[in-house]
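A quick write-up on the structure given underneath.
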Amino acid sequence: MALSWRSWITNEGGKHLILVMWLGANTWLFWRTFILYYNGPQYYYLHRMLGLGLCISRASASVLNLNCSLVLLPMCRSLMTFLRGSHKMMSRKSRRLLDKSKTFHVACGVAICVFSVVHVLAHLTNALSFSVRYSEEFPSLNMAHHKGEDPRIIILTSVPGVTGVLLVLILFLMFTASSYCIRVSSYEIFWYTHNLFIVFYIVLLVHVIGGALKYQTNVDAHPPGCFRPNRTISESRPSPQPDHESVPPGSGRPTSRDGFNGVCREEPRFQAHFPETWLWVSGPLCLYCAERLYRFIRSSTPVTIVSVISHPCDVIEVRMVKKSFKARPGQYVVLNCPSVSSFEGHPFTLTVCPTAKKATFGIHLRVLGDWTERFTDLLLPDPRLDSEILPVVQQRKYPKLFVDGPFGSPSEEVFSYEVSLCVAGGIGVTPFASVLNALLDEWQQYKLRRIYFVWICKELQAFYWFADLLCALHQKLWQDNRPDYFNIQLYLSKTDGLQNISGERFRALNSRLLIGRPQWKLLFEEIGKANKHKRVGVFCCGPKGISQTLHKLCNTRHSGATFEYNKESFS
């Protein structure tokens with residue numbers, strides 16, 4: 001299928017505009033700072049000593065300041081949730097950009113790592129220059145104690161040097177532990193190393209107060225390169241020799257024909273800069289700290305676990321209640337169980353949201369990984385329990401559990417369209433379960449007028465997780481004379497033969513159970529023909545392969561409809 005520019009702009013235009021603006025800001029900041037230190041008269045003597053190492057180190061530091069401030073903003077989850085829920089303040093297009101907050105966080109993190117390497121290499125060059133080009137004329141400008149001092153001594157005996165080494169080590173741990181393979185194989189390593197950002201920012205604020213690089217404060221009284229007669233006579237200089245250093249046009253360094261800028265009225269004075277990093281980072285850092293404090297207070301009261309239900313395929317359903325807890329369909333929470341880990345928290349989508357009639361809310365979690373295994377052992381300590389869709393009858397004391405959230409996700413936007421396509425792969429159905437529960441309670445109050453629900457599973461037993469919910473919603477809509485409102489397609493991707501969901505009450509699902517995988521192009525063509533001149537919201541939570549296919553199809557031309565792609569992602 002041909003690419004549709006209208007669809008491409010709808011799905012990709014906003015994020016590419018933000019990307020161009022971000023790249024432009026980084027480029028402009030780097031170049032502006034580079035030129036300032038290359039041409040600035042206040043840096044004349046420092047630049048003569050350090051050369052391009054000065055310009056590159058300061059230019060990369062400016063880019064680091066920008067990204068160290070921006071990288072925190074996407075992690076302000078409560079702020080993002082507030083913006084996502086404020087429909088009057090933000091349009092749907094603007095809210096969809098919030099879905100890329102995690103991607104923006106990663107981009108800023110990569111920029112920090114890249115420019116940290118540039119910054120470190122430039123400062124290593126500076127340390128060598130301080131040693132080789134030690135200035136006897138201006139001792140206060142030097143970072144070295146004497147000419148020929150070992151650059152390693154210069155680095156390891158200064159505040160910027162020691163803190164710089166610490167920052168490099170912390171950043172290396174955070175970057176390597178953020179790789180996909182480590183996050184999948186050992187999420188705990190990723191979680192603990194990523195929280196080293198607290199130490200990172202503390203060390204960063206100390207790093208910038210070292211005052212290693214100094215600028216001249218009395219440029220008017222002592223123009224750069226001016227003639228110093230007293231010093232010249234005392235040194236028995238026969239005649240002033242011009243300074244042969246090349247001065248670029250527009251440098252701001254006034255020069256005369258003999259290479260000097262008049263007679264000096266006083267000796268140059270040098271002073272360290274006020275740490276600019278504080279100005280860049282303090283605002284976002286205070287905002288993030290305030291948000292974390294708010295989240296800590298909000299989540300300090302443990303929830304009451306009402307029931308635990310064991311489902312097939314190693315899935316556990318936990319029903320909870322908490323005073324004054326409110327959430328919207330599609331949102332997620334972060335669970336912390338001190339009996340499993342005192343600090344570690346894991347995100348889980350709400351499958352049941354509290355309503356005016358019912359205060360309980362619930363999650364479905366798949367037992368996969370150390371944390372979920374230990375948590376499940378505390379909820380269901382008896383391994384001999386059968387995996388049936390039945391409540392645990394035995395009364396027992398559940399572990400203490402804290403809930404942080406709720407937080408916003410792309411699935412909230414399902415109700416913002418007249419037509420929505422929800423695609424789930426396996427346990428990825430959880431974001432849409434709360435949506436279907438909300439429709440079951442009162443579907444008429446929403447803008448949504450048709451929902452296509454596609455669920456792909458490898459095992460037949462997985463459909464039992466929400467089989468009752470699907471049948472109940474299907475039956476309700478038939479009773480309300482809206483059979484076309486809810487279009488169900490269930491796909492069993494791996495099977496040796498024809499299988500059915502057993503049970504008379506699941507007859508409606510058996511007629512919609514297909515073997516194999518969806519024909520995505522045909523499905524999009526069918527939806528496009530049935531909903532011409534409409535915007536269809538496409539929501540996906542599942543394997544990467546399905547997500548990429550849907551993303552590509554949303555950017556192609558279809559019969560009349562425009563498909564807007566939304567990818568579920570925990571921030």
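The values are calculated or read from the model by the stated rules, or taken from the named source; none is laboratory data. Since the structure is predicted, the reported quantities are computational estimates derived from the model, not experimental observations. Please note: Cβ atoms are built from the backbone with ideal geometry, for glycine as well, and neighbour counts cover all protein chains shown. Areas reflect the complete protein model, heavy atoms only, side chains present, ligands, DNA and RNA absent. Shrake-Rupley method; radii C 1.70, N 1.55, O 1.52, S 1.80 Å.
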| Based on what the data block shows, is residue 106 open to solvent by 20 Å² or more (accessible area, probe 1.4 Å), within 18 Å of residue 30 (Cα to Cα) and within 41 Å of the chain's Cα centre (by Cα)? | no
| note | In the stretch 109-132, anything over 22 Å from the mean Cα position of the chain (by Cα), modelled with pLDDT of 90 or more and among the β-branched types (Val, Ile, Thr) is listed as 118, 120, 125
| request: For the stretch 493-505, indicate whether the set of residues that are among the hydroxyl-bearing types (Ser, Thr, Tyr), open to solvent by 20 Å² or more (accessible area, probe 1.4 Å), more than 30 Å from residue 13 (Cβ to Cβ) and within 34 Å of the chain's Cα centre (by Cα) is non-empty. | output: yes
| task | State all residues of the stretch 27-82 that are farther than 18 Å from residue 120 by Cβ and small (Gly, Ala, Ser); if no residue qualifies, say none. | result | 40, 69, 78
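Let's see how each residue does on (1) over 26 Å from residue 74 (Cα atoms); (2) within 34 Å of the chain's Cα centre (by Cα):
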| position | (1), (2) |
| --- | --- |
| 488 | yes, yes |
| 491 | yes, yes |
| 509 | yes, no |
| 512 | yes, no |
| 539 | no, yes |
| 547 | no, yes |
| 550 | no, yes |
| 567 | no, yes |
| request: Scan the stretch 120-151 for residues that are in contact (Cβ under 8 Å) with a residue 24 or more places away in the chain, among the aromatic types (Phe, Trp, Tyr) and not in a helix (DSSP H, G or I) and jot them down. | output: 138
| query | From the list 434, 420, which residue is more than 30 Å from residue 299 (Cβ to Cβ), small (Gly, Ala, Ser) and at pLDDT 90 or above? | reply | 420
| query | What single numbered condition from (1) more than 19 Å from residue 106 (Cα to Cα); (2) of a type outside the set (Lys, Arg); (3) open to solvent by 70 Å² or more (accessible area, probe 1.4 Å) fails to hold for residue 144? | reply | (3)
| request: Count, please, the residues in the stretch 451-461 that happen to be at pLDDT 90 or above and either open to solvent by less than 10 Å² (accessible area, probe 1.4 Å) or in a helix (DSSP H, G or I) (or both). | output: 5
| field | Selection within the stretch 433-450 - of a type in the set (Ser, Thr, Tyr) and buried (at least 19 other Cβ atoms within 10 Å of the Cβ) | value | 434
| field | Test for residue 529: is it modelled with pLDDT under 90, part of a helix (DSSP H, G or I) and surrounded by fewer than 21 Cβ atoms within 10 Å (Cβ to Cβ) | value | yes
| request: Assess whether residue 33 counts as being open to solvent by 50 Å² or more (accessible area, probe 1.4 Å), touching a helix residue (DSSP H, G or I) at 6+ places or on another chain (Cβ under 8 Å), part of a helix (DSSP H, G or I) and polar (S, T, N, Q). | output: no
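Matching residues to (1) of a type in the set (S, T, N, Q); (2) touching a helix residue (DSSP H, G or I) at 6+ places or on another chain (Cβ under 6 Å); (3) surrounded by 15 or more Cβ atoms within 10 Å (Cβ to Cβ):
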{"position": "23", "(1), (2), (3)": "no, no, no"}
{"position": "26", "(1), (2), (3)": "yes, yes, yes"}
{"position": "67", "(1), (2), (3)": "yes, yes, yes"}
{"position": "75", "(1), (2), (3)": "no, no, yes"}
| query | Is it the case that some residue within the stretch 465-477 is touching a His at 6+ places or on another chain (Cβ under 7 Å) and either farther than 16 Å from residue 329 by Cβ or among the aliphatic types (A, V, I, L, M) (or both)? | reply | yes
| note | The lone condition residue 489 fails out of (1) modelled with pLDDT of 90 or more; (2) buried (at least 16 other Cβ atoms within 10 Å of the Cβ) is (2)
| request: Inspect all residues belonging to the stretch 341-360 and state whether any of them is under 22 Å from residue 378 (Cα atoms) and without any contact (Cβ under 8 Å) to a residue 40 or more places away in the chain. | output: yes
